[in-house]
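Asker: One structure, pasted below without further comment.
The values are calculated or read from the model by the stated rules, or taken from the named source; none is laboratory data. Just so you know, these numbers come straight off a predicted model, no measurement behind them. All Cβ positions, even for glycine, are placed from backbone atoms using ideal geometry, and neighbour counts span all protein chains on display.
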Amino acid sequence: MLDVTRSLSGRRWVWRAAEDRVGLGIAQRLGLPEIVGRLLAARGVGPEAAADFLDPTLRALLPDPSVLADMDAAAARLSDAVRRGETVGVFGDYDVDGACSGAVMASFLRGLGCAVMPHVPDRMAEGYGPNLPALQGLVGRGASLIVCVDCGTAAHDVLAALAPAVDVLILDHHKSDGPPPRVAATVNPNRLDCSSGLGNLCAAAIAFLTVVATTRALRRAGFFAARPEPDLMALLDLVALATVCDVMPLTGLNRALVTQGLKVMGKRGRPGIAALMDVALVRDRPSAMTLGFALGPRINAAGRISEADLGLRLLLSDDPVEARGLAATLDTVNRQRQQVEQSMLEDAMQAAGAQAASGHAALLVWGHDWHPGVVGIVAGRIKERFNRPACVAAVADGVGKGSGRSVPGLDLGSAVIAARQAGILKTGGGHAMAAGFSLPEDRMADFHILLRERLAAAAHLPAVADLSVEGTVAVAGCTVDLATQIARLAPFGPGNEEPMLVLPRARVVRADRVGKEANTIRAFVEGEGGDGRLKAMLFRAKDGPLADALLSRGGAPLHLAGHLRAEEWNGTITAGFVVADAASV
């Protein structure tokens with residue numbers, strides 16, 4: 001694209017294909033700028049579906065929950081628990097999806113009169129997934145039903161040992177490699193015999209569909225004859241947070257769940273999320289970026305290096321004072337997590353770089369003094385740096401506990417399951433983009449060989465991911481109206497990336513470093529011939545060719561790639577450009 005084979009950040013720019021006639025048809029039908037029609041067409045949206053894409057609603061996109069295998073059985077058992085006023089144990093996970101799905105179930109059941117006992121396993125002491133001592137503890141405290149959220153699909157032995165004592169429901173989304181455990185119901189769109197087509201939902205979304213089905217069952221039983229039905233829409237802020245932070249594709253139903261969930265979150269009705277937005281200094285209306293970069297890391301931090309249930313306690317808190325204290329604690333823990341992460345990142349990156357230089361399709365690195373709570377974050381950093389699936393493990397007492405992240409199109413979860421089936425791993429599972437595992441240290445080489453074989457297609461990926469560009473726009477054409485129309489394609493994320501546009505032959509007329517650590521560059525650019533002026537920002541602006549080019553006043557014109565956004569400040573909306581890359585003309 002524009003003959004850019006190597007940009008200032010080392011990337012090739014390529015066009016993202018779109019059917020121009022379809023885009024023009026969408027633009028004409030809905031009265032949109034032609035470029036916005038092309039952006040919709042590039043996302044596979046046709047004229048008939050464009051209106052629902054721009055205004056995604058649950059009315060149009062929510063399926064009948066009964067399409068999920070075992071859903072009717074799960075709803076019937078939960079309905080019985082509500083009508084009998086049973087005590088329910090909710091066993092979750094220590095990440096954002098686990099906290100949110102646990103909060104969905106606990107909030108719903110408590111609101112209908114059940115006593116709920118949540119349990120989030122300690123990452124270090126208990127590990128991932130159901131464990132017998134914790135489950136027996138819930139039974140000992142009176143639980144007659146246990147609901148496992150964001151876990152349980154692979155816990156056959158543990159749940160079999162528990163089976164005589166209590167009914168168990170599983171609400172999960174992780175990949176299955178065989179029949180589900182022998183429990184009352186396993187609702188998981190990724191179990192082998194589920195034909196729902198909903199495999200891209202996170203656990204919190206599965207929990208939400210379950211409460212929809214349970215409410216329907218209760219309605220049919222006459223439970224709401226003398227009491228109001230629960231406000232299920234109020235749970236969507238939790239579903240949106242989990243969907244974004246678990247890196248689910250923002251298409252179809254997920255798009256509607258996140259869009260509507262952001263509206264709920266914007267009302268600040270949940271004290272825990274409102275307090276977390278305050279400590280994260282979120283002043284504007286929340287967006288998918290708010291969830292992924294401001295709220296999610298703080299909730300995840302507790303499960304990584306602190307008290308595993310802090311996030312769930314925050315989400316369930318209805319006391320603003322308590323919520324503020326929990327949010328402040330999570331903010332502090334997140335700063336500690338950043339320090340721990342930085343301490344091991346350099347060594348991990350160096351080891352991964354050596355493997356990448358040797359041509360390995362998948363990267364696996366490990367260390368004896370690394371913290372197991374941040375291996376997933378480091379794996380994500382390595383994946384971004386080398387454009388390869390990456391796994392990172394912390395080794396202690398001869399056992400490595402790790403996490404991996406993948407690139408689009410390569411299913412890491414299936415590879416990890418295959419390694420477990422081959423006897424290489426002690427435990428392992430996940431989904432296409434992320435997975436967790438444990439193994440003896442002396443099997444690391446075997447695991448690496450299997451990963452390289454199963455993910456061999458990654459060897460053909462460029463060392464730095466191509467930049468997919470969707471259109472060009474003149475500086476003078478970067479109006480508030482165009483930026484506002486592009487914003488209608490939000491929420492942005494996997495499956496619906498924010499449009500990448502190029503300002504061709506733009507010239508920087510003024511630039512300086514701003515911010516507390518001078519890590520942001522603010523520039524003002526003009527179009528060719530001085531046509532128009534636009535503010536441009538480069539974040540995380542470390543020293544290097546890209547930063548140098550923007551700071552070179554009066555330098556040669558540049559092709560600037562980035563995102564056109566409508567920015568609001570003190571009630572005034574302006575157009576701004578966030579720079580992602582640049583190339584010499």
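Residue-by-condition table, conditions (1) within 23 Å of Val247 (Cα to Cα); (2) more than 19 Å from the chain's Cα centre (by Cα); (3) at pLDDT 95 or above:
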{"site": "Arg324", "(1), (2), (3)": "no, yes, yes"}
{"site": "Ser343", "(1), (2), (3)": "no, yes, no"}
{"site": "Ala354", "(1), (2), (3)": "no, yes, yes"}
{"site": "Lys383", "(1), (2), (3)": "yes, no, yes"}
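Asker: Let me ask something else. Is it the case, given these coordinates, that Gly409 is in contact (Cβ under 8 Å) with a residue 40 or more places away in the chain, surrounded by fewer than 19 Cβ atoms within 10 Å (Cβ to Cβ), more than 27 Å from Ala465 (Cα to Cα) and in the same structural domain as Leu451 (by TED's automatic domain parsing)?
Answerer: When the stated conditions are applied, Gly409 does not pass them.
Asker: Quick one: His431 ticks every box in (1) buried (at least 17 other Cβ atoms within 10 Å of the Cβ); (2) more than 22 Å from Met349 (Cα to Cα); (3) without any contact (Cβ under 8 Å) to a residue 24 or more places away in the chain bar one, so which box is it?
Answerer: (3)
Asker: So is Gly562 under 21 Å from Ser468 (Cα atoms), surrounded by 14 or more Cβ atoms within 10 Å (Cβ to Cβ) and assigned by TED's automatic domain parsing to the domain that holds Ala506 or not?
Answerer: yes
Asker: Still on this model: Residues to consider are Thr153, Thr210; find the one that is buried (at least 23 other Cβ atoms within 10 Å of the Cβ), among the hydroxyl-bearing types (Ser, Thr, Tyr) and part of a helix (DSSP H, G or I).
Answerer: Step by step, each of Thr153, Thr210 is checked, and only Thr210 is buried (at least 23 other Cβ atoms within 10 Å of the Cβ), among the hydroxyl-bearing types (Ser, Thr, Tyr) and part of a helix (DSSP H, G or I).
Asker: Residue pairs, Cβ under 8 Å, 6 or more apart or interchain, first in segment 27-44 and in contact (Cβ under 8 Å) with a residue 24 or more places away in the chain and outside the structural domain of Pro499 (by TED's automatic domain parsing), second assigned to a loop (DSSP other than H, G, I, E, B) and charged (D, E, K, R). List them.
Answerer: Every condition considered, the pairs that remain are Val36/Arg488; Arg38/Glu470; Leu39/Glu470; Ala42/Arg16; Ala42/Glu470.
Asker: Only one of Ala457, Ala465 is surrounded by fewer than 20 Cβ atoms within 10 Å (Cβ to Cβ) and not in a loop (DSSP other than H, G, I, E, B); which?
Answerer: The conditions single out Ala457.
Residue by residue, here is whether (1) modelled with pLDDT of 95 or more; (2) over 26 Å from Val212 (Cβ atoms); (3) not assigned by TED's automatic domain parsing to the domain that holds Phe208 holds:
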| position | (1), (2), (3) |
| --- | --- |
| Ala256 | yes, no, yes |
| Thr259 | yes, no, yes |
| Lys267 | yes, no, yes |
| Gly272 | yes, no, yes |
| Ala275 | yes, yes, yes |
| Ala288 | yes, no, yes |
| Leu291 | yes, no, yes |
| Ala301 | no, yes, yes |
| Leu310 | yes, yes, yes |
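Asker: Can you tell me how many residues in segment 7-30 are part of a loop (DSSP other than H, G, I, E, B), modelled with pLDDT of 95 or more and surrounded by fewer than 19 Cβ atoms within 10 Å (Cβ to Cβ)?
Answerer: 1
Asker: Would it be correct to say that Val149 is within 18 Å of Leu232 (Cβ to Cβ) and in contact (Cβ under 8 Å) with a residue 24 or more places away in the chain?
Answerer: So Val149 passes the test.
Asker: Can you run down the residue pairs with Cβ atoms below 6 Å, 6 or more apart or on separate chains, where the first is in segment 1-20 and not assigned by TED's automatic domain parsing to the domain that holds Glu498 and among the hydrophobic types (A, V, I, L, M, F, W, C) and the partner is part of a loop (DSSP other than H, G, I, E, B) and crowded, with 18+ Cβ neighbours inside 10 Å?
Answerer: Close Cβ pairs satisfying both conditions: Trp13/Met1; Trp13/Val4; Val14/Met1; Trp15/Met1.
Asker: Something else about it: Report, by residue number, each residue of segment 162-204 that is of a type in the set (Asp, Glu) and part of a loop (DSSP other than H, G, I, E, B).
Answerer: Once the filter is applied, which keeps residues that are of a type in the set (Asp, Glu) and part of a loop (DSSP other than H, G, I, E, B), segment 162-204 yields Asp172, Asp177, Asp193.
Asker: Looking at segment 213-302, what helices (runs of 4 or more DSSP H) fall wholly within it and have at least 3 residues that are of a type in the set (Gly, Ala, Ser)?
Answerer: Counting at least 3 such residues, we get 252-266, 271-279.
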